[in-house]
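Novice: Here it is: the structure, laid out below.
The values are calculated or read from the model by the stated rules, or taken from the named source; none is laboratory data. All of these numbers come straight from a predicted model, not from anything done at the bench. Cβ placement follows ideal geometry from the backbone for every residue including glycine, while neighbour counts extend to all protein chains displayed. Remember, those area values only see protein heavy atoms, side chains included, never the ligands or the DNA or RNA. Shrake-Rupley method; radii C 1.70, N 1.55, O 1.52, S 1.80 Å.
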Amino acid sequence: MIDTKTTFGHETAGAAHNARPLFFIADLHLSEAIPRTVAAFEHFIEVTANEADSVFILGDLFEFWIGDDILDAPATDARASFARRMTRLMHTLSERGIGLYVMHGNRDFLLGKRFMKDAGAMPLPDPFVITAFGRRIALAHGDGLCTADRAYQGFRAFARNRLAQRLFLALPLDTRLGIGQRMRTKSEGARMTGVKAKYDVTKKAVSELFINSRTHTLIHGHTHRPAMHREVEGVRWVLPDWELDIDTPRGGYLRLDADGVSPLPL
Ligand code: MN
């Protein structure tokens, strides 16, 4: 369900006509197990992003994130060195004067303050509204719009509860890793391969978001069904997921400039 009490944040960019574009990505599901996808992300941050004013990551950057304390784990832990490598990479954006905004997904909702600081990122609430190139644009991960999946919405409310998060984070790192992996294999296999309408956004949730945010453009990820949909209240762009470690690699990003939104390959 869309939280109608959310105070829509506001970010202004691109006021000047020659302003640099904004780039949007989501659902990279990064882990040390998919080196080609990781390499594509490295190229995107080190090369592609140089043209951008800011990069917006709209959730599920990581396959899972079990707590920021992974950043302090010993270098012998492959997960820890991977996490540190990714945060260091992202930090180079701010060193080059490029903004980085990160929204939580359903896999990495435990990305916390420490991660944001190390990555040089600003956290974005979900949903969030930016104003750029003269238009208001709503941003969301997308899982909150899949309101037909009641069981998942129940889990989402629990997982985003601060007390539940504190209790989970109090568990040892390895216990959390085990829980995280079990939850993934259980829920995601069916969710992402299935074409069931239940796992897509609902017209009602999308309509409510457009109306509550007073926008006519929405960008979200999560469903892994990249497209441009003309809805009653506005245009809904769905970001592609990234998967380059398979025979038919896929991925991409959205670019926003004075001419509007355009989908681009990696
Ligand atoms: Mn997702």
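Novice: Out of everything in segment 24-46 that is open to solvent by 10 Å² or more (accessible area, probe 1.4 Å) and within 21 Å of residue 112 (Cβ to Cβ), what residue ends up being nearest to the ligand (Cβ to nearest atom)?
Specialist: 29
Residues are listed down the side, and each one gets a yes or a no for (1) of a type outside the set (Gly, Ala, Ser); (2) under 18 Å from the mean Cα position of the chain (by Cα); (3) more than 13 Å from the ligand (Cβ to nearest atom):
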| position | (1), (2), (3) |
| --- | --- |
| 108 | yes, yes, no |
| 114 | yes, yes, yes |
| 134 | no, no, yes |
| 139 | yes, yes, yes |
| 165 | yes, no, yes |
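Novice: For residue 201, indicate whether it is more than 16 Å from the ligand (Cβ to nearest atom) and either modelled with pLDDT under 95 or part of a loop (DSSP other than H, G, I, E, B) (or both).
Specialist: Details: more than 16 Å from the ligand (Cβ to nearest atom): no; either modelled with pLDDT under 95 or part of a loop (DSSP other than H, G, I, E, B) (or both): yes.
Answer is no for this residue.
Novice: Which residues, taken from segment 205-224, are open to solvent by 30 Å² or more (accessible area, probe 1.4 Å) and in a loop (DSSP other than H, G, I, E, B)?
Specialist: 214, 216, 224
Novice: So which residues in segment 159-180 are closer than 20 Å to residue 72 by Cβ, basic (Lys, Arg) and open to solvent by 70 Å² or more (accessible area, probe 1.4 Å)?
Specialist: Matches in segment 159-180: 166 only.
Novice: So, in segment 73-108, how many residues would count as being of a type in the set (Lys, Arg) and farther than 21 Å from residue 36 by Cβ? Can you show your working first?
Specialist: To start, the set of residues in segment 73-108 that are of a type in the set (Lys, Arg) comprises 79, 84-85, 88, 96, 107.
Next cut, farther than 21 Å from residue 36 by Cβ only: 96.
Looking only at that region, the number is 1.
Novice: Looking for whichever is open to solvent by less than 40 Å² (accessible area, probe 1.4 Å), closer than 18 Å to residue 165 by Cα and of a type outside the set (A, V, I, L, M, F, W, C) here; the options are 99, 120, 142, 105. Which one fits?
Specialist: On the way: 99 fails: closer than 18 Å to residue 165 by Cα; 120 fails: closer than 18 Å to residue 165 by Cα; 142 fails: closer than 18 Å to residue 165 by Cα.
Result: 105 is the single residue among 99, 120, 142, 105 that is open to solvent by less than 40 Å² (accessible area, probe 1.4 Å), closer than 18 Å to residue 165 by Cα and of a type outside the set (A, V, I, L, M, F, W, C).
Novice: Considering only segment 72-96, state which residues are of a type in the set (A, V, I, L, M, F, W, C) and open to solvent by 30 Å² or more (accessible area, probe 1.4 Å). Even if it seems obvious, please write down each step before you answer.
Specialist: Initially, segment 72-96 is screened for residues of a type in the set (A, V, I, L, M, F, W, C), giving 73, 75, 78, 80, 82-83, 86, 89-90, 93.
Within segment 72-96, 75, 78 qualify.
Novice: Considering only segment 47-103, how many residues are of a type in the set (Val, Ile, Thr) and within 16 Å of the ligand (Cβ to nearest atom)?
Specialist: Step one: filter segment 47-103 for residues of a type in the set (Val, Ile, Thr), giving 47-48, 55, 57, 66, 70, 76, 87, 92, 98, 102.
Now drop any that are not within 16 Å of the ligand (Cβ to nearest atom), which leaves 57, 102.
Qualifying residue count, segment 47-103: 2.
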